[in-house]
Structures are given as structure tokens and as C-alpha cells.
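Take a look at the structure below.
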Amino acid sequence: MNLAAAYAGTAPAWVDFTARVLSGPRFFYGSRTHSMHEAFEVQSSAGEVEIVDNVSIAPRCPVQRGDCIEVRGQMVHDPGRLPVVHWTHHDPANRHPDGFIRLRGRLYA
């Protein structure tokens, strides 16, 4: 889906976009997934987005503030918060399209 339409909408949508990293990653244990995740904010053409990547499935992506990245994942909305793009990794169960983060030519999926 078009990034601007997904950003303005409320339904989950698969998106592909480029962005500039605004913050270094922070790590947390997902209460629903019971897996380690990394999260960081980016500036996309549509606005700020939070990237949440399951690092129990995909390798950690060593982003730094100012990096340019390419992202494929599912955008979801939580009222009062930035839109989140998750599923930025392959799906071992083959239930979802595979996502990724590309940094400096390397694919993290």
C-alpha cells in the first residue's frame, strides 16, 4: 500500500519505504510474543514511524541516528502513539509476507 495512505489510515497495511533513523535502538522483551525486540524511530516521507523488529527471528540491525534504511513490514496504529511498522523479518510459519530492514546494502530479515 502507498505509505501516505497507510500512515493516514487506521487499518493494518503492508508498506515499503525508505527512512532516516532518528534514534538508536532500544531493546525489550515482547509480552505477547515472548521474544526480544528492538525498536527505533525513523522519519519517513509520510511522518515519524516506530520500527519494531523481532530480533529473536531476525538478526539485530545495528542502526544509528542518521542512517538511511529501507523497510518492508506491516504498519499498525495505536491511538495516541506513532504508527508502528512490525513484521520487518521473515515469517518462519509462512503466515505473513516476509519483511526486512536494509541498512548499508545488507538485508536484515
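Sequence gap at least 6, Cα distance under 8 Å: using those rules, report the relative contact order of the chain to the nearest whole percent.
It comes to 26 percent, rounded to a whole number.
Which order do Cys61, Cys68 fall in if you start with the one that has the fewest other Cβ atoms within 10 Å?
Cys68, Cys61
Which ordering of Ser35, Ser44 is given by a fewest-first count of other beta-carbon atoms within 10 Å?
Final ranking by Cβ density, sparse to dense: Ser35, Ser44.
Which FRET efficiency value, to the nearest 0.05, is calculated for His34 and Met1 with the Förster distance at 25 angstrom and r the Cβ-Cβ distance?
0.30
Report the one residue of Pro59, Ala4, Pro83 whose Cα lies farthest in the direction of the positive end of the charge dipole of segment 3-108 (charges on C-beta: Lys and Arg +1, Asp and Glu -1; origin at the Cα centre).
Comparing the listed Cα positions along the dipole, Pro59 ranks first.
Can you run phi through the Karplus equation (6.51, -1.76, 1.60; θ = phi - 60°) for segment 59-76 and list ³J(HN,Hα) in whole Hz, with x for Gly and Pro?
Residue by residue, segment 59-76 yields x, 4, 9, x, 6, 9, 3, x, 5, 9, 10, 10, 10, 10, x, 9, 8, 10 Hz.
Classify segment 3-108: rounded, prolate or oblate, from the alpha-carbon gyration tensor (a ≥ b ≥ c, eigenvalue square roots; a/c under 1.5 rounded; otherwise prolate if a/b is larger than b/c)?
It is rounded, given that a/c, with a ≥ b ≥ c, falls under 1.5.
Would you calculate a helix-derived [θ] at 222 nm for the chain, using -39,500 (n - 2.57) for each DSSP H run of n ≥ 4 and dividing by the full residue count, to the nearest 500?
The helix-only estimate for the chain comes to -1000 deg cm²/dmol at 222 nm.
Only the coordinates and a few stated rules stand behind these numbers; no lab work does. Because the structure is predicted, anything quoted here is derived from the model rather than measured. Note that we place each Cβ from the backbone using ideal geometry, even for glycine, and neighbour counts take in every protein chain shown.
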